[in-house]
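Taken together, the values in this text are just the output of simple stated rules run on the coordinates, not laboratory data. Not measured: the values here are computed from a predicted model. All Cβ positions, even for glycine, are placed from backbone atoms using ideal geometry, and neighbour counts span all protein chains on display.
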Amino acid sequence: MFKLIKNIFRFFWRTLNFIRSLLVNLFLLFMVVMVIIALSSVSQEPEAPPSAAALRLVLDGQIVEQRQRVNPMAELSNELLGNTTEKEIDLHNVVKAIDEARIDSNITGLVLELGAMPNTSQTKLAIIGKALERFKDSDKPVIAYSDYYDQHQYYLASYADQLLLNPKGAVLMRGMNSRRLFFKDAIDKLDITTHVFRVGTHKSFVEPYLRNDMSEEAKQDLAHWIDQLWSAYLDTVTNNRQLVAQHLMPEPSALLERLKSVDGDGARYAEKFGLVDQLATRAEAKQILIDTFGENDDGDSYQARHYAEYLHSLPEEATSENKIALIVAQGAIVGGRGQEKVIAADTVLAQLNQALDDEQIKALVMRVDSPGGSAFASELIRDKLQQLQEKGIPVVVSMGSVAASGGYWISSTADQIFASPTTITGSIGIFGMFATLENALAKLGINSDGYATSPLAEISPFQALPEELAEIIQLNVEHGYHDFLSLVSTGRGIEMSDMENIAEGRIWTGQDALNNGLVDQLGDLNDAIEYAAELNQLESYQVTTLSPPLNPRERLIAQFFDSQLNAALAKNIPNWQLISQFAEQAPEIEKFSDPLGQYSFCAVCEQY
């Protein structure tokens with residue numbers, strides 16, 4: 001009987017193994033055949049020149065400084081299970097496509113499709129907006145269409161020469177806000193003891209655990225920089241649309257009266273007060289685009305090229321012996337190695353070592369988009385950047401949407417810092433925090449007892465924190481804060497006596513930071529790259545983006561899904577772009593931790 005059961009299980013196990021092996025081998029065979037077909041197509045005669053068409057700017061994903069590597073098996077699993085994954089769009093690829101299309105005679109105009117664009121930082125939108133302004137100098141039309149325009153979508157749509165809106169839609173304007181939850185009463189009810197160590201009255205990260213509302217200092221800081229961002233938004237949109245601010249964002253009572261005048265019709269309101277140029281159904285909008293750019297070969301739409309396809313068709317840039325290295329640092333700063341949505345110290349150090357070892361690299365530009373994180377990891381990255389400077393390689397920092405706390409730490413001693421007017425930066429401060437449960441456990445009749453050779457060994461969530469140890473931790477945090485101030489003072493040439501009014505956790509916009517000396521110039525990534533070239537008097541140079549070193553397996557996959565082979569596969573295999581999203585494997589992210597428990601992080605900066 002037992003032997004029979006054993007044989008049955010063995011049979012099923014061998015069957016499962018056979019099916020698994022068969023599927024894997026069939027997939028590999030399929031890929032080999034596809035590669036052979038693709039390679040054979042590479043040697044065929046070149047394609048005919050593309051016909052004239054509009055550039056379709058379809059921004060249907062999260063706009064980021066650099067797309068992250070994805071786990072192909074996780075992506076495939078999500079596809080099979082029907083789970084949605086967040087799509088990422090590279091900000092600088094979008095800008096490059098717009099700039100190349102501006103001087104391309106085969107591109108006759110630009111169409112903005114923004115209906116699926118999620119909420120995006122104003123700084124990133126402003127960078128795309130600048131590119132759209134440059135494109136309009138070519139006298140090629142820019143047309144935007146959507147069923148609805150949310151506030152961030154309307155910001156970009158306002159650059160269009162012709163702004164179309166569905167008759168059943170609306171332009172949804174709300175203004176800006178930032179709110180946090182506060183837990184002091186809940187913590188008291190649970191008898192949790194919170195231990196907070198910080199320097200800087202404006203370092204508000206820990207306030208939700210100490211208060212039931214925002215401190216006056218934190219609220220003033222918040223109001224100061226959010227008002228600046230909102231003012232910049234209104235200035236840009238009203239100038240683009242030749243509107244008065246009262247029509248774009250009237251007081252609630254005035255808005256109510258105006259909506260009554262159009263029977264509550266949001267689309268008619270937008271047309272009447274100049275927010276859009278024309279109301280058009282989807283069919284009517286398609287006809288307008290056909291009339292403007294011509295009908296495609298299938299006769300079902302207008303002549304257009306998707307910006308990603310257009311980018312892929314551009315010739316490779318000329319190589320040069322003079323290289324400017326570019327590293328994109330985005331996300332929270334953590335220790336260890338990792339690549340997905342964090343700045344992992346060991347990964348960045350590996351990238352910087354590539355720059356140190358490459359004699360052709362004459363300068364380095366670091367694009368920083370981070371609210372901070374581990375103070376220790378931040379210092380590791382900053383110290384490695386200083387090693388490049390000591391070797392004679394200038395370091396230029398270009399700040400993205402946010403470069404605050406630890407994000408500013410790694411930037412502080414660069415040779416030159418660029419920021420956008422709406423960049424969120426500063427927040428120079430350090431904190432540490434943890435909780436103990438001795439009172440809550442005592443209520444349940446649970447007590448902690450034992451023996452330790454020193455009070456320093458008594459740190460435990462189950463017992464009170466010794467007073468001497470609390471003082472030691474506070475001294476350590478104060479020491480770290482003083483180091484932060486010293487770095488900023490030295491790197492930016494600011495007297496230590498002036499740092500008190502600049503630091504203590506205060507948050508600044510890029511314009512503020514220029515005024516108080518925390519940044520050197522206002523400008524975008526291209527400005528930073530050009531400045532780096534000027535520092536070394538480079539007449540010709542090549543910008544090389546440094547990626548984290550790959551292991552052999554990752555390198556094989558990357559090569560397979562890259563270059564001319566990728567173009568051939570895309571041409572011959574249906575849905576190849578979907579398959580290529582599974583191409584690259586990323587290591588696991590290290591836990592967000594600091595060996596000293598010190599963090600330089602700006603919580604309210606993350607969403608901006």
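Enumerate the residues in segment 124-139 having an amide nitrogen under 17 Å from the point lying 7 Å beyond the Cα of Asn239 toward its Cβ. Flagged as within label range: 124-137. Summary of packing: across the peptides 385-397, 232-244, 120-132, the per-residue average of other C-beta atoms within 10 Å ranks them, highest first, as 120-132, 385-397, 232-244. The average projected area of segment 393-512, computed from the convex hull of its Cα atoms over all directions, is 11.1 nm². Scalar couplings 3J(HN,Hα) for segment 226-231, obtained by applying the Karplus form with A = 6.51, B = -1.76, C = 1.60 to θ = phi - 60°, are 5, 4, 5, 5, 5, 4 Hz; x denotes Gly and Pro. Amide H contacts under 5 Å for Arg198: Gly432, restricted to partners 5 or more places along the chain or on a different chain, H placed in the peptide plane at 1.01 Å from N.
Compared with the alpha-carbon gap, the fully stretched path from Thr15 to Glu390 is longer by 128.7 nm at 0.36 nm per residue. Over all distinct Cα-Cα pairs of segment 128-243, the Kirkwood formula returns a hydrodynamic radius of 17.9 Å. Peptides 313-323, 466-476, 286-296 ranked from most to least packed, by the mean per-residue count of other Cβ atoms within 10 Å: 286-296, 466-476, 313-323.
Counted over segment 431-471 with a bin width of 10 Å, the fraction of Cα pairs per bin, in whole percents, is 27, 52, 20, 0.
Shown here is the pair-distance distribution of segment 105-157: with all Cα-Cα distances grouped in 5 Å bins from zero up to the longest one, the shares run 4, 19, 29, 23, 16, 7, 1 percent.
For segment 187-271, the fraction of C-alpha pairs more than 16 angstrom apart is 70%. Residues whose amide H lies under 5 Å from that of Glu295, counting only those 5 or more places away or on a different chain, are Gln303; hydrogens are built 1.01 Å from N in the peptide plane. Kirkwood hydrodynamic radius computed over segment 180-222 comes to 11.0 Å, based on all pairs of distinct alpha carbons.
What's log10 of I(q)/I(0) for segment 407-453 at q = 0.21, 0.28 Å⁻¹, Debye sum over Cα points only, no solvent? The Cα Debye sum returns log10 ratios of -0.89, -1.10. Karplus-derived 3J(HN,Hα) values for segment 369-383, using 6.51 cos²θ - 1.76 cosθ + 1.60 with θ = phi - 60°, are 9, 8, x, x, x, 5, 5, 5, 5, 4, 5, 4, 5, 4, 5 Hz; glycine and proline are entered as x. Under a model in which nothing but the beta-carbon of Lys, Arg (+1) and Asp, Glu (-1) is charged, segment 150-242 shows a dipole of about 200 debye around its Cα centre.
Under 5 Å from the amide H of Phe462 lie the amide H atoms of Leu437, each residue being 5 or more positions distant or on a separate chain, with H modelled from the backbone and absent for Pro and chain starts. A cut-off under 11 angstrom between Cβ atoms defines the neighbours of Lys184, and their net charge, with Lys, Arg +1 and Asp, Glu -1, is -2. Eigenvalues of the alpha-carbon gyration tensor of segment 234-362, scaled by 5 and square-rooted, set the equivalent ellipsoid semi-axes at 47, 28, 15 angstrom, largest first.
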